[in-house]
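To start, the structure under review is shown below, and the notes come after it.
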Amino acid sequence: MGDIGQYEIAYCSHALEHLAPHDIDTALAEFRRVIRPGGFLIAVVPNLADVKPTLDVVYESPAGPITGLDMYYGKASFVKDNPYMAHKFGFVRSTFEQFLERAGFTVKHVSDSNYNLMATAQR
């Protein structure tokens with residue numbers, strides 16, 4: 001393992017939803033371990049608030065149309081060829097904040113844009 005508190009900032013985008021809840025706790029604990037006191041984690045996850053798990057297209061992406069089912073379970077065409085792309089957890093603002101706080105972070109800001117939540121959290 002690397003030095004404790006080695007980094008000022010860690011960035012994680014669209015990865016936490018691919019982990020089971022207990023693994024999210026482990027990942028966030030590891031982020032906290034390698035961030036210096038006073039340092040920050042910036043994390044981005046899909047926002048499932050107001051999204052229904054249907055075949056209706058929620059938005060268009062460079063990878064093609066994204067349906068509600070894709071947002072809940074991972075983009076079907078990706079998961080078919082790579083089961084690790086499956087989503088194992090879904091976030092809304094409150095669960096995102098709860099996981100970060102449970103890991104010992106102080107949530108400084110959460111923005112909601114284009115079906116994404118981006119949090120800035122301080123160690």
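Computed values, structure above
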| item | result |
| --- | --- |
| Local net charge near VAL110, Cβ-Cβ under 11 Å (Lys/Arg +1, Asp/Glu -1) | 0 |
| Folded to 0 to 90 degrees: helix 21-34 orientation relative to the chain principal axis, Cα | 40 degrees |
| Partners for LYS88 among lysines (Cα-Cα distance below 23 Å; same-chain residues under 8 apart left out) | LYS52, LYS75, LYS80 |
| Correct option for mean projected area of the Cα convex hull in nm² [calculated from the coordinates] among [x] 8.5; [y] 6.7; [z] 7.8 | [z] |
| Helix 93-102 vs. the chain, principal-axis angle (Cα, 0 to 90°, nearest 10) | 30 degrees |
| Added length on full extension, which subtracts the Cα-Cα distance from 0.36 nm per residue, ALA86 to VAL57 | 8.6 nm |
| Helix-only CD estimate at 222 nm, as mean residue ellipticity for the chain, using -39500 (n - 2.57) per DSSP H run (n ≥ 4) | -8500 deg cm²/dmol |
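No value in this document is a laboratory result; all are computed from the given coordinates. Keep in mind that this is a model prediction, so the values were computed, not measured. Ideal geometry is used to build each Cβ from the backbone, glycine not excepted, and the neighbour counts take in all protein chains shown.
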